[in-house]
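Here's the structure we're looking at; comments come further down.
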Amino acid sequence: MRRLASAQDIVEHFARIESELADAAELDELFEDDDQAGTELDRLIARAESDLVALEERGMFCSPEDARSAILSIHPGAGGTESCDWVGMLYRMYTHYLERRELKYRVLDIQPNEEAGFKDVTLEVTGANAYGLLKSEAGVHRLVRTSPFDANGRRHTTFAAVAVYPEVEEVEVEINPNDLRIDTFRAGGHGGQNVNKVSSAVRITHTPTGLVVVCQNERSQLQNKQNALKILRARIHNRLRSEQDEQLRHLEEAKTDIAWGHQIRSYVLFPYQLVKDHRTDVETHDVDGVLAGAIEPFVHAFLTRPAKTGLDTAAKSAKKGSAGTGPG
């Protein structure tokens, strides 16, 4: 069914591009010297180009996991309220992006911070190639700005980690109930009369791997448990896959250190405005647009970047080696 939905999506995109180009050609032929028609023509061409980019991205989804739904989590780095506020900014950026791409999302868990932002956010994202689109966002995101929480108005550098996992079915990852330690506790934050009165929040610890998942967003303990198990399955699946894939293991190691040297993208708001992806070198000065969800150029550049080969790595190593052999 996933393969069928993906194929239908490609056909629909192709048909829409054909229709847009046909409308543009007809408009150009009938109203060649009309300024108002020229504006409409530019709009049609821009939309066709956008759909063509989206269709090109579909060709980059070669992994069976790309068509799956995704679980996206955002975690703050060190920095207290500043980092939690950065998590809130990223949460808004991604929800706006998902709406732009017509992807549906559901909040599995969200833990508000007392002063601002969130201590943790986890979303379930569904739609065509949800994981294929969002996997580009996995890594550390760095923010540089004048902190609104600093009375002296000093510049702060803040980090947050984004983790993205393909959603897996229960039959794909078998979890032994004896390997789980399940604790319940009273949820915090807003949520009605049963908050802080009923132990609806759930913490699940997978003892063989040490993975811990906490869910407290739902009022029902059963629903929180189901959401926690869904996240846990995805994380276990990712751990098993990472053990077989060196590149993914390096990514997991990078995410454990939410600090300097591991960021995949920098968002500079002060003293100048620039968003730059350090993997593809794509950058833009439209910081407000990016934080409002316009991250398509970064996603597209990541999906269409040339694959690194062993020859590339060897060439870089040889270059580094030769750089240190000169005199002085």
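So here's what we get for this one:
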quantity: Hits in the range 122-139 (condition: on the phi > 0 side of the Ramachandran plot and either among the aromatic types (Phe, Trp, Tyr) or more than 9 Å from the chain's Cα centre (by Cα) (or both)); calculated: Gly127, Asn129
quantity: Members of the range 25-47 found to be in contact with an Asp or Glu (Cβ under 9 Å, 6 or more places away or on another chain) and of a type in the set (A, V, I, L, M, F, W, C), listed by number; calculated: Leu27, Phe31, Ala37, Leu41, Leu44, Ile45
quantity: Top-ranked residue of the range 56-100 - restricted to ones that are among the basic types (Lys, Arg) and surrounded by 16 or more Cβ atoms within 10 Å (Cβ to Cβ), ranked as farthest from Arg16 (Cα to Cα); calculated: Arg68
quantity: Number of positions in the range 13-50 that are polar (S, T, N, Q) and in contact with a Leu (Cβ under 7 Å, 6 or more places away or on another chain); calculated: 0
quantity: Failed item in (1) more than 24 Å from the chain's Cα centre (by Cα); (2) under 27 Å from Phe302 (Cα atoms); (3) among the charged types (D, E, K, R); (4) surrounded by 15 or more Cβ atoms within 10 Å (Cβ to Cβ), with Asp23 passing the rest; calculated: (2)
quantity: Subset of the range 6-18 (residues that are loosely packed, with under 13 Cβ neighbours inside 10 Å and small (Gly, Ala, Ser)); calculated: Ala7, Ala15
quantity: Spans of helices (runs of 4 or more DSSP H) in the range 217-291 with at least 3 residues at pLDDT 75 or above; calculated: 221-244, 287-291
quantity: Filtered residue count, the range 6-41, keeping only those that are modelled with pLDDT of 75 or more and under 29 Å from Arg305 (Cβ atoms); calculated: 14
quantity: Cross-chain or 6+ apart pairs with Cβ under 6 Å, the range 145-165 first and touching a residue at least 24 places away in the same chain (Cβ under 8 Å) and on the phi < 0 side of the Ramachandran plot, then crowded, with 19+ Cβ neighbours inside 10 Å and among the basic types (Lys, Arg); calculated: Phe159/Arg142; Val164/Lys135
quantity: Total residues in the range 288-303, condition surrounded by 17 or more Cβ atoms within 10 Å (Cβ to Cβ) and either of a type in the set (Asp, Glu) or out of contact with any strand residue (DSSP E or B) (no Cβ under 6 Å at 6 or more places or on another chain) (or both); calculated: 10
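Listed here are the residues, each with its yes/no results for (1) small (Gly, Ala, Ser); (2) assigned to a helix (DSSP H, G or I); (3) over 21 Å from Glu167 (Cα atoms).
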site	(1), (2), (3)
Ile71	no, no, no
Ile74	no, no, no
Ala78	yes, no, yes
Asp85	no, yes, yes
Met93	no, yes, yes
Tyr97	no, yes, no
Val107	no, no, no
Gln111	no, no, yes
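Let's see how each residue does on (1) among the small types (Gly, Ala, Ser); (2) outside the structural domain of Thr122 (by TED's automatic domain parsing); (3) more than 26 Å from Val107 (Cβ to Cβ):
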position	(1), (2), (3)
Glu40	no, yes, yes
Arg43	no, yes, yes
Ser50	yes, yes, yes
Val53	no, yes, yes
Ser69	yes, no, no
Ser73	yes, no, no
Ala78	yes, no, no
Thr81	no, no, no
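The values are calculated or read from the model by the stated rules, or taken from the named source; none is laboratory data. This structure is a prediction, so every number in the text was calculated from the model and none was measured. Cβ sites come from the backbone with ideal geometry, for glycine too, and all protein chains shown count toward neighbours.
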